[in-house]
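Report on the following structure.
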Amino acid sequence: MTKHPMATHLHQDAPKTDDEQKSGNYNIFRDSLLRYCGYANEVGESFRYQYPKFVAPSYALAFGYCLADSISAGYQELYVKEDGGNEGTSSKYDTRSNETRAAIAFFDTLLWQSLASVAIPGGVINTIVRATRFSVARTAGLPLAVTTWAPTVMGLGSIPFIIHPIDECVDFALDNSTRKFLES
């Protein structure tokens, strides 16, 4: 996947090396274990029927992560990239003020993170857990442990499989909507 000039949110699957961390390419929100806070709501949705009181805090943690990453992206654009190191950005985008670029980076990252890390995956996991719960409830002869925990296991087990397709869909949607508007 090619990196869109405004896509400040793109995650790297491989951990950063010491040289990459020292060169300033290290982002604590994307290159450390902190990035898993963005998946907190998926875990909360998976455990919705066992521990319903943890769902709202899991969303608060995930949205807090999204907000912190967005603030960081805006800060990076405003202060760190003043040296002209706007790699991958178009010349039209480069002519904007630092404040404008920072606001765009903040908005783009917040929108992307809210959709790709919280709203869509939360809905997908909720649907998977609900459908599994519906199915096991109507299957006679299953042990209580299976009817209780199968929906949670299915929700947790589906997380690794839904992340990248959702990320790519959100990238496609934003590349063909808000990012086109923000580039003009």
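Protein heavy-atom accessible surface, 1.4 Å probe, per residue over the stretch 113-184: 56 Å².
In the stretch 125-164, Cα pairs under 8 Å separated by at least six residues give a relative contact order of 52 percent.
The values are calculated or read from the model by the stated rules, or taken from the named source; none is laboratory data. A quick note: this is a predicted structure, and the numbers were derived from the prediction, not measured. With ligands, DNA and RNA removed, areas are computed over all heavy atoms of the protein, side chains included. Shrake-Rupley method; radii C 1.70, N 1.55, O 1.52, S 1.80 Å.
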